[in-house]
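Structure first, commentary second.
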Amino acid sequence: MVISVSNPPLTDTQKLVLMYGGTFDPIHNGHLRSALELTQVLPVMKVHLIPCQLPPHRGQPGASPQDRLAMLRLAVDPEPLLQADDRELQRPGPSFSIDTLADLRKEYGPEQPMAMVLGWDAFLGLPAWSRKERLLEMAHLIVIARPGQEQPASQELLDLLSRNEVRAGEALNRQPAGRILRLALPSAMQVSATYIRRLLAQQTSVRYLLPDAVIDYLLSQGLYCPSHDFEQE
C-alpha cells in the first residue's frame, strides 16, 4: 500500500532522523524536493544527505567525491533541516548502508527513531544488499514511489512488506526502527542524474533541473564533459 501524502506532519514527542544516501552525481531538484517534502509530511529532526564513496552495485561516479560533496553543500545550504554529510566519503572502499546506519546509531543512540530513505528501484534490489537482514534492526525504511516505476516486487520483498509495513495512521517516530513506509510524495519529479549528465554532454541547458549554485559550480569546474561515461545512474 503506497500512502499518498497531502496532510500536515504527524506529531509526537520524538522526531525522525533520516538517512538519504546516493551518488548525487550530481545532486538535483528531484533529490532536494523529495528530501524537503519528507520534512513537511513527517515529523523530522534532520535529513542526512550522504554521498557514497563507491557504490557497491553500480559504476564509479563521474564526478570526484570532493566535487559531489561541494555541490551537495551548495544545494542544501538554504535548508536548515537538510545536512550534507560526508561520513561515507571518509571511509575507504565500497559504501554499505548498514555501516552508515550503525555509525548514525552511535551518534544518536539506540532509542532515536531513524529511517533510511530509498526509491522503489533501490528497494527492488534490496535482496542483494550486504547484511540486509540487519537494516530493520537499525532503522525504518521509507520507500519513495517515483513516476513511471511499475516493476513489481519479488515474493521476498512482498513477505517483508507484509510483516513490517506501516499502515495509514501509524507514525514511524513511535519506535526506533523496524517498520517500512511507502510514500508517494506530492511533487514527485521524473528527473535523473543520468539525464542531466547527458544534457551537459550535449551542451544543452539544465536550468531548473538543479539549483543555480550547483549549475554554476559544475560549469566552472568543467564537470561532466562529453568524454565522461553517462550510462550509470
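The values are calculated or read from the model by the stated rules, or taken from the named source; none is laboratory data. What you see is a predicted model, and the numbers here were worked out from it, not measured in a lab. No Cβ is skipped: glycine too gets one built from the backbone with ideal geometry, and neighbour counts run over all protein chains shown.
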Filter region 36-57 for residues that are free of Cβ contacts under 8 Å to residues at least 60 places away in the same chain and part of a helix (DSSP H, G or I); the one that is nearest to LEU104 (Cα to Cα) is THR39
Could you go through region 69-91 and let me know if any residue there is on the phi > 0 side of the Ramachandran plot and not acidic (Asp, Glu).
no
Just checking, does region 62-74 include any residue being crowded, with 17+ Cβ neighbours inside 10 Å, out of contact with any Asp or Glu (no Cβ under 9 Å at 6 or more places or on another chain) and within 20 Å of LEU16 (Cβ to Cβ)?
no
Would you confirm whether or not region 95-108 contains a residue that is polar (S, T, N, Q), touching a residue at least 24 places away in the same chain (Cβ under 8 Å), touching a strand residue (DSSP E or B) at 6+ places or on another chain (Cβ under 9 Å) and more than 19 Å from LEU136 (Cα to Cα)?
no
From the option list GLU88, GLU107, GLU111, GLU137, single residue qualifying as under 30 Å from GLY222 (Cα atoms) and either surrounded by 15 or more Cβ atoms within 10 Å (Cβ to Cβ) or at pLDDT 90 or above (or both) is GLU88
Return the residues of region 92-114 that are in contact with a helix residue (DSSP H, G or I) (Cβ under 8 Å, 6 or more places away or on another chain) and either hydroxyl-bearing (Ser, Thr, Tyr) or within 15 Å of GLY22 (Cα to Cα) (or both); say none if nothing qualifies.
SER97, ILE98, LEU101
Identify the single condition in (1) at pLDDT 95 or above; (2) under 29 Å from PRO186 (Cβ atoms) that ASP12 does not satisfy, given that it satisfies every other one.
(1)
